[in-house]
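Shown next, in structure tokens, is the structure this report addresses.
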């Protein structure tokens with residue numbers, strides 16, 4: 001650790017109003033406890049319309065973002081923090097906004113030469129009555145701006161199409177429809193411009209949905225994944241390229257499907273990965289030699305501008321303004 005923390009206050013932002021609120025609270029509580037164990041003055045901050053007042057009343061010097069979903073992971077809170085001149089963990093406004101929007105993410109990744117499943121984006125009220133013929137079946141239908149596999153369905157028969165659209169459109173005005181990639185599911189964490197060991201997710205029934213992630217389903221995780229060196233290099237390369245293409249910073253996670261023929265496809269990029277006891281980023285970091293508490297501290301320290309103490313940059317900015 002480069003410095004101890006009694007000198008500044010860390011606000012751990014959690015909760016919010018998205019469908020992922022409960023997961024965010026779990027992440028935030030775990031992070032807050034970890035930072036306190038490392039000696040930091042970490043305080044929990046629930047995110048709602050009173051957030052600016054709470055940040056001021058708690059005298060927060062730096063924000064650790066433990067938010068998930070719209071309203072917290074999409075650049076809105078990041079923009080507020082920038083206006084308030086409070087440094088924060090994870091990606092900035094533009095990378096967060098792109099990462100939260102699966103349609104925009106697809107466009108950026110495709111332009112960067114990162115392989116993605118064939119797919120199409122549809123607006124509410126402008127969807128075909130049957131799945132697109134060029135994609136075949138099965139297809140995956142998912143909300144454009146949602147996480148944790150909420151509202152996602154695998155359509156294997158035409159009869160399932162209408163319900164899948166209805167479920168996805170509960171969470172926004174656009175849906176993404178992609179070819180289903182048969183095979184294995186893996187994730188690559190990226191931190192400080194370096195990739196972490198690959199994690200393979202083996203979910204019951206082969207669908208890593210919300211229950212498989214956070215419920216009592218018997219999902220298994222293999223880290224490091226048992227894969228060839230060539231595939232490992234590909235996943236690391238595509239993971240880092242995806243991270244850089246979106247302009248991410250701090251920690252992020254890139255999710256993959258590995259086709260049965262061995263080809264990897266990026267499904268999406270998570271700019272604020274979960275930090276619960278079952279989350280993939282801490283799991284991969286542990287294999288790289290970092291305890292949970294160390295990882296939380298490293299994520300915090302990377303948010304500080306040029307290694308300065310939190311609050312110092314704001315004092316200097318005010319002095320400059322007064323001297324003009």
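The values are calculated or read from the model by the stated rules, or taken from the named source; none is laboratory data. Predicted, not measured: the structure shown is a model, and the values here were computed from it. Cβ coordinates were reconstructed from backbone atoms using ideal geometry, including for glycine residues, and neighbour counts include every protein chain displayed.
Listed by first and then second residue, the pairs linking a residue in the range 163-184 that is free of Cβ contacts under 8 Å to residues at least 12 places away in the same chain to a residue that is buried (at least 16 other Cβ atoms within 10 Å of the Cβ), with Cβ atoms under 8 Å apart and 6 or more places separating them unless they lie on different chains, are 163/153. Only one of the numbered conditions (1) at pLDDT 95 or above; (2) part of a strand (DSSP E or B); (3) over 15 Å from the mean Cα position of the chain (by Cα) is violated by residue 154, and that is (1). Summed over the range 21-61, residues that are part of a loop (DSSP other than H, G, I, E, B) and free of Cβ contacts under 8 Å to residues at least 24 places away in the same chain total 2. Take the conditions (1) surrounded by fewer than 22 Cβ atoms within 10 Å (Cβ to Cβ); (2) assigned to a strand (DSSP E or B); residue 12 misses just one of them, which is (1).
Per-residue answers, yes or no, for (1) out of contact with any helix residue (DSSP H, G or I) (no Cβ under 7 Å at 6 or more places or on another chain); (2) at pLDDT 95 or above; (3) crowded, with 17+ Cβ neighbours inside 10 Å:
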site: 33; (1), (2), (3): yes, yes, no
site: 49; (1), (2), (3): yes, no, no
site: 53; (1), (2), (3): yes, yes, no
site: 58; (1), (2), (3): yes, yes, no
site: 63; (1), (2), (3): no, yes, yes
site: 68; (1), (2), (3): no, no, yes
site: 73; (1), (2), (3): no, no, yes
site: 78; (1), (2), (3): no, yes, yes
site: 83; (1), (2), (3): yes, yes, no
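Scanning the range 270-294 for residues that are in contact with a helix residue (DSSP H, G or I) (Cβ under 6 Å, 6 or more places away or on another chain) and either surrounded by fewer than 24 Cβ atoms within 10 Å (Cβ to Cβ) or within 19 Å of residue 223 (Cβ to Cβ) (or both) gives 273, 274, 275, 276, 282, 285, 292, 293.
Under the condition of being loosely packed, with under 14 Cβ neighbours inside 10 Å and at pLDDT 50 or above, the residues counted in the range 302-324 number 4.
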